[in-house]
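Report on one structure; see the data block that follows.
All of the numbers you see were taken from the coordinates with simple rules; none came from a lab. Just so we're clear, the structure is a prediction, and the values are computed from it rather than from any experiment.
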Amino acid sequence: MKKLIVFALLLILSASSVSAETVRTCSTVYGGGEVCGETTTTTVVKHEVKETAVSDYEMVYFLLSIAGAAAL
């Protein structure tokens, strides 16, 4: 159990918000050889809180509908 907890903590702590992708592109020129190149793109992931668009009125309606279904 201790190993599982340590593994989970290491996995969470080692999470990174930057991902990189290497793309290899090659082009062939007529009468010539093949020219290849690699480019690396880096994407930064930002975690933002998004509104759920659920108002208080909708939440009350939802809870009342569940209570009504339970009462039936």
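By how many degrees, between 0 and 90 and to the nearest 10, does the Cα long axis of helix 2-13 differ from the longest principal axis of the chain?
Long axis of 2-13 versus the principal axis of the chain: about 70 degrees.
Report, to the nearest 10°, how far helix 56-71 tilts away from the longest principal axis of the Cα atoms in the chain, using its own Cα long axis and a range of 0 to 90°.
Roughly 60 degrees between the two axes.
Viscosity 1.002 mPa s, temperature 20 °C: what is the translational diffusion coefficient of the chain from Stokes-Einstein with a Kirkwood Rh over Cα pairs, rounded to a whole number of µm²/s?
Once the numbers are plugged in, D ends up at 113 µm²/s.
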